[in-house]
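Asks: Please read through the structure below; I'll follow up with questions.
Quick note: the coordinates plus some simple rules give every number you see, no bench work behind them. Remember, it's a predicted structure, so these values are computed and weren't measured experimentally. We place every Cβ from the backbone using ideal geometry, glycine too, and count neighbours over all the protein chains shown.
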Amino acid sequence: MVYLNGNFIPKNKACVSVMDRGFLFGDGVYEVFPIYGKIIVGEELHLRRLQEGLDTINIINPHSNENWSQLIRDLISYHQDYQNQSVYLQITRGCDNDRKHTHSDLTPTVYMQSTPFVSKSKNDLLRGSSAIIRDDIRWNQCNTKSISLLANIMYAQEANNHQAEETILCRNGVITECSSSNIFIVSNGCIYTHPEGSHILSGVTRK
């Protein structure tokens, strides 16, 4: 089951208009909530980041935090067979009558789905992972969790083509983050990571 615009329905029955600005322009934001058991980890921080993204692109939040919390829990309840889950929430600006760059006040499109979340084993973590390094050519507002992820997808696919797990991104010789994760470097007993700002999406875990 998935959630779409007020209803829980089977995924294969969920349909979005071709005039949705998320489909046409990538005009929207998203958030991902990790669920361990039935606990939403970092719920308040994830909802805060969602609100910040909506404020940045001037979309009115269609729900209060209390309503979001209940909707997420309702979705979780449909997937009791998942030990742990990952809930993906996407909000686009909505549907217009024509494809145009400007927009009027529209009703946001809201979509949520849940998928199983499987943590890496201790042995996998100790074994480590491979990565490639590439120049960070993304826009200068990476702190907005936009659904427009073309550059990230290209980096992730290139890593996959090289049998690597991630792409480490560098901007002007400084490591920023990876294609889909923050990066931390441990050296001489200290942990280093890129400061918050417009060049990274600040992960909830790092807080």
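Asks: Using 0.36 nm times the number of residues separating MET154 and CYS15, minus their current alpha carbon distance, what extension gain do you get?
Replies: Length difference between fully extended and current span is 47.4 nm.
Asks: Oh, and also: Per 0.36 nm of contour for each residue apart, how much would the distance between ILE57 and SER86 grow if the chain were fully extended, relative to their Cα-Cα spacing?
Replies: 8.0 nm
Asks: While we're on this one: Out of every Cα-Cα pair in the stretch 82-180, what percent are more than 17 Å apart?
Replies: It works out to 69 percent of all Cα pairs.
Asks: With contacts defined as alpha carbon pairs under 8 Å and 6 or more residues apart, what's the relative contact order of the chain in percent?
Replies: 21
Asks: Cα atoms only, the stretch 153-195: Rg and Dmax in Å?
Replies: That works out to 11.7, 34 Å for Rg and Dmax.
Asks: How much of the DSSP bridge set in the chain is antiparallel, in percent, rounded to the nearest 5?
Replies: Looking only at bridges with both residues in the chain, the antiparallel portion is about 85 percent.
Asks: Given the -39500 (n - 2.57) contribution per DSSP H run of 4+ residues, what per-residue ellipticity at 222 nm results for the chain, rounded to the nearest 500 deg cm²/dmol?
Replies: -7000 deg cm²/dmol
Asks: Counting residues in the stretch 124-192 as N, plug N into 2.2 N^0.38 Å and put the Cα Rg over that result.
Replies: Here the Cα radius of gyration is 1.17 times the empirical estimate.
Asks: Given contacts defined as C-alpha pairs under 8 Å and at least six residues apart, what's the relative contact order of the stretch 124-192, whole-number percent?
Replies: Worked out over the stretch 124-192, it gives 31 percent.
Asks: At q = 0.10, 0.18, 0.23 Å⁻¹, what log₁₀ I(q)/I(0) does the stretch 5-97 have when each alpha carbon counts as one equal point scatterer in the Debye sum?
Replies: -0.29, -0.92, -1.31
Asks: Sticking with the crude label model, points 7 Å out along Cα→Cβ, report the distance from SER64 to THR205 in nm, one decimal please.
Replies: About 3.3 nm separates the two model spin labels.
Asks: Angle, helix 65-77 long axis vs. longest principal axis of the chain, Cα atoms, 0 to 90°, nearest 10?
Replies: 80
Asks: Right, here's the next one. May I ask for the angle, rounded to the nearest 10°, between helix 43-56 and the longest principal axis of the chain, with both axes built from Cα atoms and the value confined to 0 to 90°?
Replies: Between the helix axis and the principal axis of the chain, the angle is about 70 degrees.
Asks: Using the basic label-point model (7 angstrom from Cα toward the beta carbon), what is the CYS190 to ASN123 distance in nanometres?
Replies: Modelled inter-label distance: 3.7 nm.
Asks: Going toward the positive end of the dipole of the chain, with +1 on Lys and Arg Cβ and -1 on Asp and Glu Cβ, which of TYR36, LEU47, PRO108 do you reach last?
Replies: TYR36
Asks: Something else now. Just the Kirkwood number for the chain, please: inverse of mean 1/r across all distinct Cα pairs, in Å, one decimal.
Replies: 18.7
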